[in-house]
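Some notes on the structure that comes next.
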Amino acid sequence: MELTRGWSGALPPGIADRYELRETRNAAAVLAATSPDEFAEICAVLADFALTTADLVEAGGNESRLAARLNTAFRARGWREGRVDTVVTSRLQVQPWAPAGEVGVTVRESEVVNEGYKVDNVKGRVALDVEWNAKDGNLDRDISAYRALYDAGLIDGAVLLTRTHDDLRDLARELARAAGRSDDEVRSRLSTSTTTHLGKLESRMTRGDAGGCPLLAVAISRRCWVPADGEPARPEAETPWMLTDGVSW
C-alpha cells in the first residue's frame, strides 16, 4: 500500500519537525476533518511532550514511564481505554407446515462472543495506542483492532505512537555512557530488534494490514529529546567512541 503525506498540511510545523511521520489513506487529513477536536488534542499532547534522559537511560516496568506519561496526558483530556469484542449471533428459523397444523415460526439462536484486544485510548471516532518499546507483536494486535473498529463503522481512523530506532539507540547509548553506566548497560540501550519501532510499523502499513482504516504513525525521534538543566546539548562527540573491551561503534 502506498504511503501518503496528508500530515504535511494537517499537522503543525513544530510537530512535523520533531517526529517521524508515516500514514496510509491520508490519515492526518481525514482525522483533522472528521474529528477536529480529538485531532487538536493529539497535536497538543505531541507539542507538550519532551523526551528526557531518564526515558532513555532508566529501565521501565511493564509500562514504561514514557508510555504512562503519554497515556496520562490523553486520559486527562477525556480519552479512555477501550476493547474490541465481537458478538456473532446465528439464528435458525424453522418454517411451519400447514398440513400438519403447524403455525408460527420456530426460532433457535446461538451466540458466540469473542473477546478482543484493548486499545490504549479511544475518544469520539479515533483510536490511539502508545507503543514505545514493547514486543513488536503488539503492533499486529493494535492494527487488527483498528481494522475491526473501522470495518464496524465505529472509528474514522487511528493513530499509533511509537519511536524511531537507530537515532534513539545511539542517543540512549551516549546518555548511558555519560551517566557512568557499565559497557553492558550501554550496549543494552534500545538494542533489541524485536521491539516496537517505526521500521516494524511501516512494513505493516505498506502491506495493508490496516485495510481501509486510515492510520497515522507518529514516531518519537532524537529531535524530541530535551536535556535537563546542566546537561550538554550533545552528550558525546560526533566520532565513534570505544568501549573498554575495544569494541567501537
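The values are calculated or read from the model by the stated rules, or taken from the named source; none is laboratory data. Treat the numbers as computed from the prediction; the structure is a model and nothing was measured. Quick reminder, even Gly has a Cβ in these numbers, built from the backbone with ideal geometry, and neighbours come from all protein chains shown. With ligands, DNA and RNA removed, areas are computed over all heavy atoms of the protein, side chains included. Shrake-Rupley method; radii C 1.70, N 1.55, O 1.52, S 1.80 Å.
Hey, got a sec? Which GluC sites (Glu not before Pro) in segment 95-182 land in a DSSP loop and have at most 16 other Cβ atoms within 10 Å? Before the final figure, lay out each step's value.
Numbers: sites: E102, E109, E111, E115, E131, E174; in loops: E102, E115, E131.
Here the GluC sites (Glu not before Pro) that fit, given the DSSP loop and packing criteria, are E102, E115.
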Please determine, in degrees from 0 to 90 and to the nearest 10, the orientation of helix 166-178 with respect to the longest principal axis defined by the Cα atoms of the chain, where the helix direction is its Cα long axis. 50
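Nearest 5 is fine: what % of DSSP beta bridges in the chain come out antiparallel, could you say? The partial results should precede the final answer.
Values: 24 of 36 bridges.
Here the share of antiparallel DSSP bridges comes out near 65 percent.
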Rounded to 10°, Cα long-axis angle of helix 137-151 versus longest principal axis of the chain: 40
Could you compute the net charge surrounding S193? Neighbours are other residues with a C-beta less than 11 Å from the C-beta of S193; K and R count +1, D and E count -1. +1
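Evaluate the charge dipole of the chain about its Cα centre and quote only its size in Debye, nearest 20, assuming +1 on the Cβ of each Lys and Arg and -1 on the Cβ of each Asp and Glu. If you can, show how the numbers build up before the last one.
Numbers: 31 positive and 39 negative charges, 57 e Å.
The dipole of the chain has a size of about 280 debye.
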As straight-line cross-link partners of K200, the qualifying aspartates and glutamates (C-alpha separation under 17 Å, not fewer than 8 residues apart within one chain) are E2, E20, E23, D129, E131, D136, D140, D142, D166, D167, D209
Rounded to the nearest 10 Å², the accessible area of L171 at probe 1.4 Å: 0
Report, to the nearest 10°, how far helix 65-75 tilts away from the longest principal axis of the Cα atoms in the chain, using its own Cα long axis and a range of 0 to 90°. 50
Near the amide H of L11, under 5 Å away, which other amide H atoms are found, from residues 5 or more places off or on another chain, if H is placed in the peptide plane? none
Around V94: net Lys/Arg minus Asp/Glu count, Cβ-Cβ under 11 Å: +1
So which aspartates and glutamates can K135 reach, going by Cα to Cα under 16 Å and dropping same-chain residues fewer than 8 places off? E63, D120, E202
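Add -39500 (n - 2.57) for each DSSP H run of 4 or more in the chain, then divide by its residues: what number comes out at 222 nm, to the nearest 500 deg cm²/dmol? All intermediate terms of the calculation are to be shown ahead of the outcome.
Working: 10 runs with 90 residues, N = 249.
Mean residue ellipticity at 222 nm (helix-derived): -10000 deg cm²/dmol.
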Per residue, the convex hull enclosing the alpha carbons of segment 138-179 has a volume in Å³ of 83
Top of T89, T194, T162 by mean-square fluctuation, Gaussian network on the chain, Cα under 10 Å: T89
